[in-house]
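Remarks on the structure that follows.
The values are calculated or read from the model by the stated rules, or taken from the named source; none is laboratory data. Every value quoted in this text rests on a predicted model; they were computed, and no experiment measured them. All Cβ positions, even for glycine, are placed from backbone atoms using ideal geometry, and neighbour counts span all protein chains on display.
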Amino acid sequence: MPNYKIATIPGDGIGPEIITETVKVLEKIAQNFGHTFTFTEVLAGGIAIDKTGVPLPDETVEVCKQSDAVLLGAVGGWKWDVLPGHMRPERALLGLRGALGLYANLRPAVLHDTLKGACPLRADIVAKGIDIMIVRELTGGMYFGDRGRKETDLGLAAWDTEMYATEEVRRIAVTAFELARKRKKHLTNVDKANVLESSRLWREVILEVAKDYPDVQLDHLYIDNAAMQIIREPSAYDVMVTTNMFGDILSDEASQITGSIGMLPSASLNKDNFGMYEPIHGSAPDIAGTDKANPIATILSAAMMLNYSFGLDKEAKAIENAVTKVLESGVRTGDIMSDGMRLVGTREMGRLVLEAL
Ligand code: IPM
Ligand code: MG
């Protein structure tokens, strides 16, 4: 009987509530399909700052490295916003991404049939559906480049460096092409090659890798145009690949156009498909501890974990189907609530998904 070790990082705000529901779902899957999941809870983010003095304790990285996958809730909150950059809860995320080599960030933006009413776009656009997979490079570019401050004639100046090496681009390109091959065989590269040298190299490498994927249709958009096109005609896009910085922005936009950020999961993978899985949304300190958070993004992140890191597609599908069934039954958390639906809290939503499994 396979045994999978999962490190859980509840983190801050609504993190603990949504992780609690998700662990229950995974335990039910283990029971139904005859697997063993062993969970080890570790600290990261604001809670780690409070308890250990640092946002990402070494022990957390160690436990993650010894696990088969990591499930993360969310980090951050007002309380820690006053701390200097290197001590902020967000450092934990960047530290984990770097330490675990999680260069491939997969962020699906899907408009669920039952939630079309939540989409802020025009009805004729909504009717064509949205199913975009954003592939964001996650351990390079400006996030990890050289940075600093210095005095200049114009006063204090600060800089961050956007730099990409060929191999960094090649591996994320391979991830994106492989995904495109399993989907609609359409990949859109997003860069700023009309201005940035780093983008010009980026595009050269994408074109080079494309030679190995003649079956995938490749096109290119500049980031500003991409931001516009995914609102104008989201159904025209399948897989989109881009840099760390552009992917950060584009994925928030893509999630918003589905109207339900509380529904969207994500995966951050290394070269061996080891991964950290987390909802796209943040720690929502305003509703923390009030049983209002939508646990579905985290539950669907667990489904991605089963799929991408453990190769358990049937089990992943079972979770996705259970979520769809619950939504079809007219149950909603506050973030996706609409007329005529039944409003439930975090725990009740979790219980209903369990029941549907
Ligand atoms: C994200 C977040 C993070 C990022 C922050 C919290 C560091 O916005 O995962 O998109 O910028 O990558
Ligand atoms: Mg972001």
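Taking LYS150 as the residue in question, decide whether it is without any contact (Cβ under 8 Å) to a residue 60 or more places away in the chain and either surrounded by fewer than 19 Cβ atoms within 10 Å (Cβ to Cβ) or more than 20 Å from the chain's Cα centre (by Cα) (or both).
Yes: the conditions hold for LYS150.
Restricting to the stretch 122-134, name every residue that is aliphatic (A, V, I, L, M) and over 20 Å from ILE280 (Cα atoms).
To start, the set of residues in the stretch 122-134 that are aliphatic (A, V, I, L, M) comprises 123, 125-127, 130, 132-134.
Correct list: ALA123, ILE125, VAL126, ALA127.
Do the conditions hold for LEU354, that is, is it surrounded by fewer than 20 Cβ atoms within 10 Å (Cβ to Cβ) and part of a helix (DSSP H, G or I)?
Values: surrounded by fewer than 20 Cβ atoms within 10 Å (Cβ to Cβ): yes; part of a helix (DSSP H, G or I): yes.
Judged against the criteria, LEU354 is a match.
Output the residue which, of all residues in the stretch 103-147 that are among the small types (Gly, Ala, Ser) and buried (at least 17 other Cβ atoms within 10 Å of the Cβ), is farthest from ALA92 (Cα to Cα).
Of all residues in the stretch 103-147, those among the small types (Gly, Ala, Ser) come to 104, 109, 117-118, 123, 127, 129, 140-141, 145.
Next, from what is left, pick out any that are buried (at least 17 other Cβ atoms within 10 Å of the Cβ): 104, 109, 118, 140-141.
Details: ALA104: 17, ALA109: 25, ALA118: 32, GLY140: 16, GLY141: 18 Å.
The selected residue is ALA118.
So for the stretch 221-232 (the condition being under 21 Å from ALA165 (Cα atoms) and more than 16 Å from ligand 1 (Cβ to nearest atom)), does at least one residue qualify?
At the first step, the residues of the stretch 221-232 found to be under 21 Å from ALA165 (Cα atoms) are 221-223.
If we keep only those that are more than 16 Å from ligand 1 (Cβ to nearest atom) as well, we get 221-222.
The answer is yes, given that some residue of the stretch 221-232 is under 21 Å from ALA165 (Cα atoms) and more than 16 Å from ligand 1 (Cβ to nearest atom).
I need a count of the residues in the stretch 168-219 that are closer than 25 Å to ILE130 by Cα, surrounded by 19 or more Cβ atoms within 10 Å (Cβ to Cβ) and of a type outside the set (A, V, I, L, M).
Looking only at that region, the number is 6.
Wholly within the stretch 143-210, which strands (runs of 3 or more DSSP E) include no fewer than the required count, namely at least 3 residues that are modelled with pLDDT of 95 or more, on the phi < 0 side of the Ramachandran plot and touching a Phe, Trp or Tyr at 6+ places or on another chain (Cβ under 9 Å)? Can you show your working first?
Numbers: elements: 147-152, 155-160, 186-191.
Fully inside the stretch 143-210 and qualifying: 147-152, 186-191.
Can you tell me which residue among PRO234, PRO279 is under 19 Å from LEU187 (Cβ atoms) and modelled with pLDDT of 95 or more?
Numbers: PRO279 fails: under 19 Å from LEU187 (Cβ atoms).
Of the residues listed, the single one that is under 19 Å from LEU187 (Cβ atoms) and modelled with pLDDT of 95 or more is PRO234.
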